[in-house]
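**Q** My questions will all concern the structure given below.
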Amino acid sequence: MPHSVLIVDDEPLTLRTLGRALDAEGFEVLLAATGEEALTTLADQKPELALVDLVLPGISGIDVLREAKAVSPATIVVMMSAHQLVERAVEAMKLGAYDYLIKPFHVADMMHTVQRATETLALRVRVQDTIDTAKGRYDFSRVITNSALMQEVVYMAHRAAESDHTTVLIQGESGTGKEVLAKAIHYNSARADAPLVSINCAALPDTLLESELFGYEPGAFTDARRRKEGLMEKANKGALFLDEIGNTSASLQAKLLRVLEESNFLRLGGTKAIQVDVRIIAATNTVLKDAVAKGEFREDLFYRLNVLPLLIPPLRERREDILPIALDMISHFNKELKKNFVGFTPAAAELLEKYSWPGNIRELRNVIERAMILCRETEIGEEDLPEEIRDFHSEPAHEEMSSLDLSPTGDQLVTLRELEDHYIRQVLDATGQNKTHAAKILGIHPTSLLRRLKKTT
């Protein structure tokens with residue numbers, strides 16, 4: 001589909017020359033001889049580009065630029081002006097013009113500027129595609145959980161997304177999905193089209209972390225030769241995700257407190273306060289309240305962050321989620337690795353449910369990916385799981401299994417039939433009792449599954 005370009009100039013020769021050149025390059029050309037005509041076309045046609053002469057009868061080019069931002073904000077505006085009006089062209093740049101051309105100019109120069117503008121349009125499309133993809137990927141409806149604890153967390157996160165100025169503190173062990181939850185909150189909020197900027201506070205030395213967050217002015221330190229914009233500014237109108245905030249220094253905590261209280265900050269070496277509209281989402285794998293009691297974290301900052309606390313339970317406290325999440329990971333890696341796995345053997349499923357998962361969902365993901373790479377069957381068996389999982393000993397995961405001794409030396413051994421029945425129940429739970437889907441995962445015909453279920457009732 002060709003890009004549309006509006007040319008606004010009161011000289012018929014200029015309209016004709018530029019129009020023909022752009023038409024020859026495949027652009028859809030719209031023409032306007034006055035500012036009034038231009039505004040009508042901008043409102044009705046919403047062209048992607050506009051070449052606007054600075055001096056027009058009636059409404060000036062500057063006025064057209066100002067109004068264009070209101071009636072067609074996505075339109076990229078390039079100003080055209082005579083040499084003696086360069087200062088006004090610079091003023092137009094400050095008002096949001098993309099570039100300006102000094103008359104008289106060669107058609108080739110105009111085409112070069114238009115080409116750069118179309119590249120900007122393409123970048124905008126790619127950025128919007130990325131945002132739309134993220135909105136779908138991090139939709140709350142995609143969260144897989146049967147756990148009442150986790151369902152409450154998801155409910156609270158959904159409410160947090162609806163209140164897009166509220167500061168959120170996400171706490172949980174490493175690997176529980178704190179950053180994923182932060183992204184879900186952002187991409188389901190009114191700020192979704194603005195940036196979500198993330199930084200791991202534990203990954204950088206304190207001085208470097210401060211300059212990354214707040215930027216710096218020339219001369220702020222030895223190598224600061226020119227101004228640098230910090231992440232706080234880049235996140236303006238969007239959200240800033242501060243992972244492992246418990247690892248920040250007292251100095252940085254004081255600066256973050258200022259942002260939360262006054263919505264402004266100073267660049268390193270700067271004297272002018274910079275206003276920002278940023279939502280702060282913080283995360284930590286430590287108990288911040290304990291850090292406050294030990295004097296390791298500012299109490300006032302803690303209470304500013306703790307407006308809406310979310311505590312993600314570890315995987316071992318929501319064992320009913322292990323198989324559903326693992327089955328979803330199989331579906332994901334089937335596409336990525338071009339495999340055709342259907343699930344787990346009953347023995348492997350039992351091992352996954354019993355294991356304590358110190359690395360939580362991140363560890364589970366790694367285990368599933370490794371097994372799918374190494375396994376030559378279409379079902380992951382116990383022999384495909386790491387040794388630490390095969391050798392792990394704990395209480396059975398479910399009450400209905402608590403009376404069964406799974407060890408080979410017990411008086412009451414678990415039969416293969418009992419293990420299979422238990423696994424079938426787990427797959428049915430994971431698929432929301434969808435017997436057709438469950439049968440596909442189990443690798444059996446739906447009729448066979450129905451016969452099996454009748455025998456167990």
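**Q** Would you kindly find the accessible area of LEU308, with a 1.4 Å probe and non-protein molecules such as ligands, DNA and RNA excluded, rounding to the nearest 10 Å²?
**A** Around 30 Å² of this residue is reachable by solvent.
**Q** Let's see if you can work this out: charge +1 on each Lys and Arg Cβ, -1 on each Asp and Glu Cβ, no other charges. What is the dipole magnitude of segment 143-183 about its Cα centre, in debye to the nearest 20?
**A** 40
**Q** So, with a 1.4 angstrom probe, what is the percent of accessible area on the chain that is carbon and sulfur? Show your work: numbers first, answer last.
**A** Numbers: 12070 of 23750 Å².
Whole-percent figure for carbon plus sulfur exposure: 51.
**Q** What share of the DSSP beta bridges in the chain is antiparallel, in percent to the nearest 5?
**A** Details: 3 of 42 bridges.
Close to 5 percent.
**Q** Please state, rounded to one decimal and in Å, the Kirkwood hydrodynamic radius that segment 242-343 gives when every pair of distinct Cα atoms enters the mean of 1/r. Mind dumping the intermediate values first?
**A** Numbers: mean 1/r = 0.0585 Å⁻¹.
When all Cα pairs of segment 242-343 are included, the Kirkwood radius is 17.1 Å.
**Q** Quick check: convex hull over the Cα atoms of the chain, volume per residue in Å³, rounded to an integer?
**A** 221
**Q** Using a 1.4 angstrom probe on the protein heavy atoms only, line up PHE105, PHE27, PHE221 by accessible area, largest first.
**A** Details: PHE105 50, PHE27 25, PHE221 85 Å².
Solvent-accessible surface, decreasing: PHE221, PHE105, PHE27.
**Q** 5 Å is the cut-off here: which amide hydrogens, built 1.01 Å from N in the peptide plane, fall below it relative to GLY343, excluding neighbours closer than 5 in sequence?
**A** Counting only residues 5 or more places away or on other chains, the set is ILE380.
**Q** Tell me which of LEU453, LEU256, MET150 sits at the most positive position along the dipole axis of the chain, charges placed on C-beta atoms (Lys, Arg +1; Asp, Glu -1).
**A** LEU453
**Q** Going toward the positive end of the dipole of the chain, with +1 on Lys and Arg Cβ and -1 on Asp and Glu Cβ, which of GLY136, ALA371, GLY359 do you reach last?
**A** So the residue we want is GLY136.
**Q** OK, next. At a probe size of 1.4 Å, how large is the accessible area of THR248, to the nearest 10 Å²?
**A** 10
**Q** Something else: Compute the separation of the alpha-carbon centres of segment 227-242 and segment 349-388 and state it in Å as a whole number.
**A** Going from one Cα centre to the other spans 39 Å.
**Q** Still on this model: Which sequence of TYR355, TYR100, TYR216 reflects their accessible areas, 1.4 Å probe, from the largest down?
**A** Working: TYR355 15, TYR100 70, TYR216 40 Å².
The residues order as TYR100, TYR216, TYR355, largest area first.
**Q** List the longest stretch of the chain that has no exposed loop site; here a site is one of the trypsin sites (Lys or Arg not before Pro) assigned by DSSP to anything other than H, G, I, E or B, with at most 16 other Cβ within 10 Å. It would help to have the intermediate numbers written out before the result.
**A** Numbers: sites that count: ARG225, ARG226, ARG227, LYS237, LYS272, LYS294, LYS338, LYS339, ARG376.
Longest run free of exposed loop sites: 1-224.
**Q** Still on this structure, please answer the following. Quick one: which residues, 5+ away or cross-chain, put their amide H under 5 Å from the amide H of MET80? H built at 1.01 Å from N.
**A** Residues meeting the criterion, in which the H sits 1.01 Å from N, are VAL52, ASP53, LEU54, LEU101.
**Q** For segment 1-118, what number results from the quotient of the Cα radius of gyration and 2.2 N^0.38 Å?
**A** Working: Rg = 12.5 Å, N = 118, 2.2 N^0.38 = 13.5 Å.
In units of the globular-protein estimate, segment 1-118 measures up at 0.93.
**Q** Here is a follow-up. Leaving ligands and nucleic acids out of the surface, order VAL342, VAL78 by accessible area at 1.4 Å, largest first. Please list the in-between numbers first.
**A** On the way: VAL342 40, VAL78 5 Å².
Greatest to least solvent exposure: VAL342, VAL78.
**Q** Another one. Please report, in debye to the nearest 20, how large the charge dipole of the chain is about its Cα centre when each Lys and Arg carries +1 at its beta carbon and each Asp and Glu carries -1 there.
**A** Details: 53 positive and 69 negative charges, 54 e Å.
Roughly 260 debye, rounded to the nearest 20.
**Q** Mind grabbing the accessible area of ILE7 for me, 1.4 Å probe, Å², rounded to tens?
**A** 0
**Q** While we're on this one: Distance from the Cα centre of segment 136-165 to that of segment 175-208, in angstrom?
**A** The distance from the Cα centre of segment 136-165 to that of segment 175-208 comes to 16 Å.
**Q** Place +1 on the Cβ of every Lys and Arg and -1 on the Cβ of every Asp and Glu in segment 125-284, take the dipole about the Cα centre, and give the residue among GLY238, ALA282, SER163 whose Cα lies farthest towards its positive end.
**A** GLY238
**Q** With the convex hull built on the Cα atoms of segment 91-239, state its orientation-averaged projected area in nm².
**A** On the way: hull surface 53.1 nm².
Here the figure is 13.3 nm², rounded to one decimal.
**Q** Looking at this model, which pairs from LYS183/LYS354; LYS354/LYS454; LYS135/LYS178; LYS135/LYS435 are more than 20 angstrom apart at the alpha-carbon? Walk me through the numbers before you get to the answer.
**A** Values: LYS183/LYS354 30 Å; LYS354/LYS454 28 Å; LYS135/LYS178 17 Å; LYS135/LYS435 30 Å.
Check vs 20 Å cut-off fails for LYS183/LYS354; LYS354/LYS454; LYS135/LYS435.
**Q** Remind me, relative contact order of the chain in percent, using alpha carbon pairs under 8 angstrom and six or more residues apart?
**A** Numbers: 705 pairs, mean separation 49.1, N = 457.
This gives 11 percent for the chain.
**Q** What list of ³J(HN,Hα) values in whole Hz, one per residue of segment 292-299 in order, does the Karplus curve 6.51 cos²θ - 1.76 cosθ + 1.60 (θ = phi - 60°) give from phi, with Gly and Pro shown as x?
**A** 5, 4, 8, x, 8, 9, 5, 5
The values are calculated or read from the model by the stated rules, or taken from the named source; none is laboratory data. For clarity, every value in this text was computed on a predicted model and none was experimentally measured. Neighbour counts run over all protein chains shown; Cβ positions are idealised from the backbone, glycine included. Heads up: the accessible areas ignore ligands, DNA and RNA and are worked out on the full protein's heavy atoms, side chains in. Shrake-Rupley method; radii C 1.70, N 1.55, O 1.52, S 1.80 Å.
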